[in-house]
Amino acid sequence: MRNSEKKFSQHSGVRVHAALFVFALTLIFCGMLILNMLTPLQADDYDYMFSWDTGRPLSGVTDILKSQAVHYRIWGGRSVTHTLTQIFLFLGKPLFNIVNSLMYLILLMVIFRLGGVTLSRFPTGLLLAVHLCLFLFLPFFGVVFLWLDGSCNYLFGTTLALLPLLIGKSRTEDGFFSRRQFLPLMMVLFFVGGWTNENTAAGILASGILLFVSKWKQVGKPDKGWLAGLLFETAGVALMLLAPGNRERAQEYVIDSFLPEYGRRMIYVLFYALRFCGVLWIPLGIFLFLNRKRAAFSMKRLSCAMAAALATLALIGSPEVSDRTYLGPFVLLLAQCLSEIRILTKERVNRECHAVTAVFTALTLGMFFWAGYAVSLHAARWQTQLDRIKQAAEAGETSVTLSTVTSLSPYTMTILIEQNPDDWPNSTLGKWFGIKIYGEQG
């Protein structure tokens, strides 16, 4: 009787932990969904509502593919993410809101998997902690997780770019993707993962090659399936980087002296790496020091940290670097920190502490309310500008004057309005609404 009571108690405990985990997933999904619903279309969204082939509003999937062919030739190589952008803009933002919220949950699960966290134990507190790390420490959260074009480029792009590293780690452990029947799927995922985001995909590719070589030395023969995957990933990265549009845009930047220019870029890239990722690099260094006697350093153990470092250094090759490009390194470092915490705590990090979960749940709710208020206020200010456009167009006026909507929180983005109607984004807004748009003086 005692054994049956013990088993019943254990099963009850598992059910409680599973219910709490599902509740946390639902809470995060609903919070992200509301924030996505509140976030308006803005900036580049209006550019991608037009076909780059015909210059007219998108008319279907075939039109999107033709549009991306022209986009690849004259603007840039992120064809996978920009195709997603145009598909969502064509199908409507309500669908994007749902899919984007789900993709955020998938990113959290990918971080867990890369960090070696056991999901079967339903670590609710850890799930909320990882979400809060992204929510609290990314000053550009709204740009990469809520804005439609930005999210397709960075949330979707980063998640897809992480797949080859995830598959590579699976093959080092003879896991799911070691099975021969999954090789075709693996090739597709490697190829798509390479054709996503320049610095993140390049860093992950380099880290994957090092991980592949490490396993080769360990077992004495190369993993041919994995090698084929890396070749497909390389093809994806090459297609992205060698796009004619990249060369066209690069001509805008003139390099007078090679070494001083790249020295300047290195200082710039490393400074912002410390600014945006220092909150993880510093504790990671501490964890590595504390774990120096607990686990041997290896390519497999440090693959995420290596990918983060290489993805950061890859930015030196870009003449223009934005804050959002540090999302990939941040996510990789977060996964590496999870891995090191697991070693440090001897897996106790997977155990549930209801008091900690309750605190993280309350903090998550509070942050969602605060972010919702900030996003709704920002959206209302932008809607005022859109209303001015519509009222002027309906009154038969030939022009209207708008003002820039400045972002006041990490969950929104400054919506810039230039003074000249022929400058972007005024030109695109004017084309969409059929009226000339000027920016306020001063």
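Residue under question is Leu429, and the condition is that it be in a helix (DSSP H, G or I) and buried (at least 18 other Cβ atoms within 10 Å of the Cβ); does it hold?
So Leu429 passes the test.
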Please determine whether any residue of the stretch 332-352 is in a helix (DSSP H, G or I), under 26 Å from the mean Cα position of the chain (by Cα), closer than 30 Å to Gly115 by Cα and small (Gly, Ala, Ser). yes
Failed condition for Ser12, given (1) at pLDDT below 95; (2) closer than 30 Å to Met240 by Cβ, with all others met? (2)
Could you tell me whether the stretch 361-368 includes any residue that is assigned to a helix (DSSP H, G or I), open to solvent by 70 Å² or more (accessible area, probe 1.4 Å) and among the aromatic types (Phe, Trp, Tyr)? no
Within the stretch 277-304, the residues that are closer than 20 Å to Gly193 by Cβ and within 17 Å of the chain's Cα centre (by Cα) are Cys304
Which of the residues that make up the stretch 118-146 are in a loop (DSSP other than H, G, I, E, B), open to solvent by 10 Å² or more (accessible area, probe 1.4 Å) and under 21 Å from Ser170 (Cβ atoms)? Thr118
Quickly run through the stretch 378-410 and pick out the residues that are of a type in the set (D, E, K, R) and part of a strand (DSSP E or B). none
Going through the stretch 358-376 one residue at a time, which ones are without any contact (Cβ under 8 Å) to a residue 40 or more places away in the chain and of a type in the set (A, V, I, L, M)? Ala358, Val359, Ala362, Ala374
Would you mention how many residues in the stretch 270-291 are open to solvent by less than 40 Å² (accessible area, probe 1.4 Å) and either under 28 Å from Arg247 (Cα atoms) or of a type in the set (Asp, Glu) (or both)? 1
Could you check the stretch 292-309 and list, in sequence order, the residues that are open to solvent by less than 60 Å² (accessible area, probe 1.4 Å) and touching a Leu at 6+ places or on another chain (Cβ under 6 Å)? Ser303, Cys304, Ala307, Ala308
Among the residues of the stretch 55-87, what is the count of those that are more than 12 Å from Asp149 (Cβ to Cβ), part of a loop (DSSP other than H, G, I, E, B) and open to solvent by less than 60 Å² (accessible area, probe 1.4 Å)? 5
Could you grab me the full set of residues in the stretch 200-233 that are of a type outside the set (A, V, I, L, M, F, W, C) and in a helix (DSSP H, G or I)? Thr200, Gly203, Ser207, Gly208, Ser214, Lys215, Lys217, Gln218, Lys224, Gly225, Gly229, Glu233
Regarding Gly245, is this residue open to solvent by less than 40 Å² (accessible area, probe 1.4 Å) and within 14 Å of the chain's Cα centre (by Cα)? no
So, in the stretch 98-129, exactly how many residues are in contact with a helix residue (DSSP H, G or I) (Cβ under 8 Å, 6 or more places away or on another chain) and more than 22 Å from Asn36 (Cα to Cα)? 14
For the stretch 310-329, which positions are surrounded by 24 or more Cβ atoms within 10 Å (Cβ to Cβ) and not aliphatic (A, V, I, L, M)? Thr312, Thr325, Tyr326, Gly328, Pro329
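Answer yes or no as to whether Tyr411 is within 26 Å of Leu33 (Cα to Cα) and either open to solvent by 60 Å² or more (accessible area, probe 1.4 Å) or modelled with pLDDT under 90 (or both).
No; evaluated as a whole, the condition is false for this residue.
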Failed item, numbered, when Gly168 is tested on (1) at pLDDT below 90; (2) surrounded by fewer than 24 Cβ atoms within 10 Å (Cβ to Cβ): (2)
The stretch 15-41 residues that are on the phi > 0 side of the Ramachandran plot, paired with ones that are open to solvent by 50 Å² or more (accessible area, probe 1.4 Å) and among the hydrophobic types (A, V, I, L, M, F, W, C) (beta carbon under 7 Å, 6 or more apart): none
Filtering the stretch 27-42 for residues that are surrounded by fewer than 18 Cβ atoms within 10 Å (Cβ to Cβ) and of a type outside the set (A, V, I, L, M, F, W, C) leaves a count of 0
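The values are calculated or read from the model by the stated rules, or taken from the named source; none is laboratory data. The structure displayed is predicted, hence computed values, not measured ones. Heads up, the Cβs are rebuilt from the backbone with ideal geometry, glycines too, and the neighbour counts pull from every protein chain shown. These accessible areas exclude ligands, DNA and RNA; they are computed on the full protein's heavy atoms, side chains included. Shrake-Rupley method; radii C 1.70, N 1.55, O 1.52, S 1.80 Å.
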